[in-house]
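*Asks:* Below is the structure I would like to discuss, written out as structure tokens.
Every read-out reported here was derived from the displayed coordinates using simple, explicitly stated rules and does not represent laboratory data. This is a predicted model, so every value here is computed, not measured. Reconstructed Cβ throughout: ideal geometry from the backbone, glycine too, with neighbour counts over all protein chains shown.
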Amino acid sequence: MAERLKKLGSMLKSLVTIPKAKIRKDKLVLYLSLILIFFFALLVRIYPYFSHGIVLKAYDPYFQLKSTLYIITHGFAAWFSWVEKPPGISTWYPYGRNMPKTSFPGIPWTAAILYFILRFLGIEVDPVAICFFFPAFMGALASIAMFFLAKEISDSTKAGLLSAFFLAFIPGYVQRTTAGFFDNEAIGILLIIVTLYFFIRSLKRESLLSGIMAGLILGYLSASWGAYVYVYDLLALYVLILLISRRYSKSLLLSYTATISIGLFIATRVPRIGPSVLTKSDILPALVMLILLFVYEATPLVYNSMMVKRIKNIKIPRKIIGYLLLTIIIVTSSVFAYLWYTGFPFIEVLEKHVKPISGKFWTVINPLYREKSRIIASVAEHAATSWAEFYFNLNILLFVYPLGIYFSFKRLKNEDIFLILLGLTATYFAGSMIRLILILSPVVCLLSAYALDQILSPFVGVLREIREGMPLARRKRARISGIVGTEYTVVTLIFVASLLIIATYYGAYISYKYMAGVEILPNGEPDWQEALMWMRYNLPATAIVASWWDYGYWINTVANKTTIVDNATLNSTQIALIGAAFALNETEAVKIYKRFNVTHVLVFFGYCAQGLGGDEFKWPWMVRIAEDHFPKLVNESLYGDITSPTGTLFNSTVYKMLFYGEPDPQSKYLGYLVQFMSRYKYLAYRPDPYGYLSLIDQRHWALFEKVFKPVYISSNRFVKIYEVNYSILEAKMEITDAKPYANGLFAITVNNTGIHEISISKARINDELYSFETINGSRTVKPKESISLFVDTGREWSIGDNVSIKVIANVLEYPGYRIYASMNASIIEAPKILLNVSETKSTIYSNGIGLIQVKNVGEYPVTVDSMKINSTETSFSILNGSVTLLPGGESTFVVDLNSNKTLTIGQVMTVNVTYHPVGAPNKTLMVIANISITPTPPLVLHVSNVTAYTNGIVAITTVNPMDLPLKISNIAVNGTLYSFEVINGSSMLGSCERAVLKVNTGLNLNISQVVDVTIYYNFSLVPRWSNEVSISNIMVVPYANLSVNAYTNGTILIKVVNLGVEQLEILTVKINNTACQFVVINGSTTINPRDSAILKVLNCTSVLGKQPVAGDKIIITIVFVEGYVLKTEVTVKNQ
């Protein structure tokens, strides 16, 4: 029994005991090394988190974040139909953006899937945090992937570890996988490494499964990053080299076919790429090589077939073969020549069926192409790479990786050929475009690791010999045979260790020093965050914000506002229009903004400090891009450059927006700005505190301030937002009529159709500038009114000729802003120009004063210049009408011969009137008339009413019954002249006009008195023709009436009636000469003529010192502000 229990225990023990596996030390070291590499790679990439927290870097990551959040919110299926367009908040207004057609789904889909996986596992995490740490995680993961790729190519674990280690720290790769750089590259490089790993593995091990994996990953890459084209073409080039070098194998066919076909199939499912990828010029090499491989494989089968063998046995003379080939060549050439001659569109047909290579890829292939597309050249990361940039991004590995290419040539296996092509192509493309250092960096790591592995192999062998205790004599034989000695081994290992230390330190230092910064926090300042939040919560949802395209993603994603352009650069013409708006002056800019219904404009002002990246250093690209598309609007040569600005730059909208209000004495960056502006002679809005600036003119911004209103300026004045006032565009005019006459006179009618007052400044006929006249001499036109311009071109024209007429006007509300109107018209027959002097309606009186009436009986307006009476130049004034007469118009002029004696009645006077057509002062004409002297009629003034008041005021009402204007010059009362005041009307009386006059004599008149009044008047245009009218025995009447009721209870009621012609104001009420208190029961203390007021005395008893008794006599006195006094005595009555 005990034995059985013992066996049972042993059996149970065997079931639960985990067998101990022996772990090799080299494997343990390998795993720990990879874990450490992953950890340090992750650590060096998440430093921005410790300096700024979770804040995305650059610009594009904000769009990827937006896409990720959209997928999380609406689902994966919704992404395929995601289209942003007005009236909702959108990008690329007014056309909107089709997101699946214009963006890759790879990185937002990956982040969204990761988010859902974490949620499924019960881990609550912010999607923004996932997007922030995602690049760092992928960058660290790429280091592990690089280990497997390098190991697969070099067959060396050491090379794999070294390449993984280098990739963990190399700045050229760290910069695009730093935490916060949530963009396509974050996953793109990892996918390239994995694709190449599986492809090489498939090729070396003849593994179809690895080829399928390579195709799947390549498809994933195609859905994630535009650089997928590089992998397709690289594999195609690799296959071509293998074929040329006769290294074809069936495994090559299987690996390449699986990789390319699966990758392209997935690519055709990506909306942005679609099936048209199969006709792209940059993908065709991959397809051609696929076909070529099949042909290469099928050729031996065909060659060895029975049919081919039978054909071989047929003897065909060489001449026949030659003639046949020549015939084929001639026929083919003739067909092509005929099609070319008939204009067959070869290029159009080719472009229709084969898509050309895009601009960015052409720039990589041909670096000179960027000069043809300055919108590509304007992007800093598209610039050619300098040696300094190579060293900054690759450091010491820049000098090591060429050795990797050397050792690859030396070994020259299939995978070495691939390594050589990878190194050469990546180096060339990185030299063409600085952004592609990102692709070169892992290649450099791979080649450098391979080179070091090859260099270290002999030295590691020596160390192994020493460790294994190889006899001295054998080691000596080994040295003789070429193995390096121990002392060299130690030195070499120290050198390699130093290399690793330098790479680690340099990578960590660069990450800390240069890659921890966040573009949305320039120099660590929160201006952008403040501005974006202000826009998000203060601008309406309908706001449309214009800015340079760099900031489009920020404004749309963070501020949630509609934008015109952004970093996708989908529409170069639209970008050029925004560039033109910034490059041109404010009046032209507002017209462009109106096309897009822009409500606000944003600029970024970096205070001229290097590294902040403000628009003050970007404006040259705005000008260049605008010039590429609109050379007639923008000419780059007129703007100078950043260090030598011109007046054209100072007049540009972008300059005025950036330097508005600058320099600000409170800014912490004032020193940078003043130094820069004073050095390069920039125009300032205000003086600086130090007195360094020499060009200062705040008036330069006068028009700008009316068009663009600053609504927000950030705390450091980096971000400035302006509201657009389109009222200036409501200044409009049109030429409603134009009559160009053959005699050179032009009559132009201009209508102000806008809402602003304008002033006509210039008139152009066939682009030649001419002076002009108007009817009344004024050039100002109010809204909805018209004005006629008259121009003398000074030449004869042929009837029927076409002429171009252009009128230019200044908008008075907007100084410096001009508007234009134009019209084309045909020359017509010259008008009749004639002025007539009416001898029957004109007269000259015997006192030397004459009334000359003229009428324009022609077809063109004329202006009277001068008059002569009996050959003597005589001045004249206008009685009615104007000196300028329209056709059919009449005017009456007054002349004064200044004669000291009376002229003879019946004497005939010759009147010469000189005039000219309006607009042609040099074309003078004359009309003559004979006018007889007539008796001088008396001047008559009717006096309809005269009233004299006891306060010395005399009111007079007069009427002018004549056709001549009269002027009242003086008034005498009782023979004394007094000044007078016009109460109603004017002292200048036109025909039938009435005037009420007031004379204050200052006399105290009694009711029993009478007064005499004399009024002196004259002809207003010629004062020496005068007369007078007298009115006698005018009875004096009271100017006011006072009635009082006093009662024994102390109540006193006073009624005051204004009987005069002027307003009276009660100042004081007195009882027995003692002032008392009172209130107004009815009316007011101010009494208008013919009005009244009722007062009540409040303290009668206290003023009298007793209770009033019936029969008591009380004296009531009213004192007026005007100085008049009314007094009356009243008897107290019983209540």
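*Asks:* How long is the gain from L284 to T843 if the chain were fully straight, where each residue apart is worth 0.36 nm and the alpha carbon distance is subtracted?
*Replies:* The L284-T843 span can extend by a further 191.1 nm.
*Asks:* By counting other Cβ atoms within 10 Å of each Cβ, how are T736, T91, T110 ranked from fewest to most?
*Replies:* T736, T110, T91
*Asks:* To continue, here is another question. Which aspartates and glutamates, on any chain, are close to K998 with Cα under 14 Å apart, when same-chain ones fewer than 8 places away are left out?
*Replies:* Hits, sequence-local ones excluded: E981, E1062.
*Asks:* Related question: Reachable aspartates and glutamates from K841, Cα under 12 Å, same-chain residues fewer than 8 places away excluded?
*Replies:* Output for K841: E890.
*Asks:* Pull up the cross-link candidates among the aspartates and glutamates for K739, meaning alpha carbon to alpha carbon under 16 Å and not fewer than 8 places away within one chain.
*Replies:* Within the straight-line limit of under 16 Å, K739 reaches these aspartates and glutamates: E773, D792, E796, D801, E829, E859.
*Asks:* Give the separation of the Cα centroids, region 962-1014 to region 528-557, in Å.
*Replies:* If we compute the Cα centre of each part, the gap is 72 Å.
*Asks:* Need the C-alpha centroid separation for region 778-816 versus region 640-712, integer Å.
*Replies:* 37 Å
*Asks:* Follow-up question, since we're still on this one. On a 22 Å Cα-Cα criterion, which of the cross-link pairs K66/K513; K832/K855; K66/K280; K1096/K1133; K762/K784; K832/K923 come out too long?
*Replies:* Beyond 22 Å: K66/K513; K66/K280.
*Asks:* Here's something else I'd like to know. Of the cross-linked pairs K57/K618; K158/K410; K591/K806; K782/K967, which ones have a Cα-Cα span greater than 26 Å in the structure shown? All intermediate terms of the calculation are to be shown ahead of the outcome.
*Replies:* Numbers: K57/K618 20 Å; K158/K410 19 Å; K591/K806 20 Å; K782/K967 33 Å.
Long pairs (Cα-Cα over 26 Å): K782/K967.
*Asks:* Provide the FRET efficiency to the nearest 0.05 for the S759-R595 pair, computing r from the beta carbons and using R0 = 22 Å. Mind showing how you got there, number by number?
*Replies:* Values: r = 28 Å, r/R0 = 1.26.
According to the calculation, E is roughly 0.20.
*Asks:* In nm, to one decimal, how far is the modelled label at Y428 from the one at D801, with both set 7 Å along Cα→Cβ?
*Replies:* Distance between label points: 6.5 nm.
*Asks:* What angle do you read, to the nearest 10 degrees and between 0 and 90, between the alpha-carbon axis of helix 670-680 and the longest principal axis of the chain?
*Replies:* With both axes taken from Cα atoms, the answer is about 80 degrees.
*Asks:* Tell me the angle of helix 228-244 to the major Cα principal axis of the chain, expressed in degrees between 0 and 90 and rounded to the nearest ten.
*Replies:* 30 degrees
*Asks:* Another question, then. For the chain, what Kirkwood radius comes out of the mean inverse Cα-Cα distance, in Å?
*Replies:* 40.9 Å
*Asks:* Search the structure for amide H atoms under 5 Å from the amide H of D865, placed 1.01 Å from N in the peptide plane, and list their residues when 5 or more places away or on another chain.
*Replies:* For D865, whose amide H was placed from the backbone, the distant partners under 5 Å are T914, Y915, H916.
*Asks:* In degrees, nearest 10, range 0 to 90: what is the angle between the Cα axis of helix 318-341 and the longest Cα principal axis of the chain?
*Replies:* 10 degrees
*Asks:* Points 7 angstrom from Cα along the Cβ direction at N635 and D1091: gap in nanometres?
*Replies:* Each label point is offset 7 Å from its Cα along the Cβ direction, giving 7.0 nm.
*Asks:* So what is the calculated 222 nm ellipticity per residue for the chain, using -39500 (n - 2.57) for each DSSP H run with n of 4 or more, over all residues, to the nearest 500 deg cm²/dmol?
*Replies:* -13000 deg cm²/dmol
*Asks:* Can I ask one more? What order do you get for S81, S979 when you list them from fewest to most C-beta neighbours inside 10 Å?
*Replies:* So the residues, fewest neighbours to most, are S979, S81.
*Asks:* Test of understanding: what is the full-extension gain from F617 to V711, defined as 0.36 nm times their sequence separation minus their Cα-Cα distance?
*Replies:* Net length gain for the segment: 31.5 nm.
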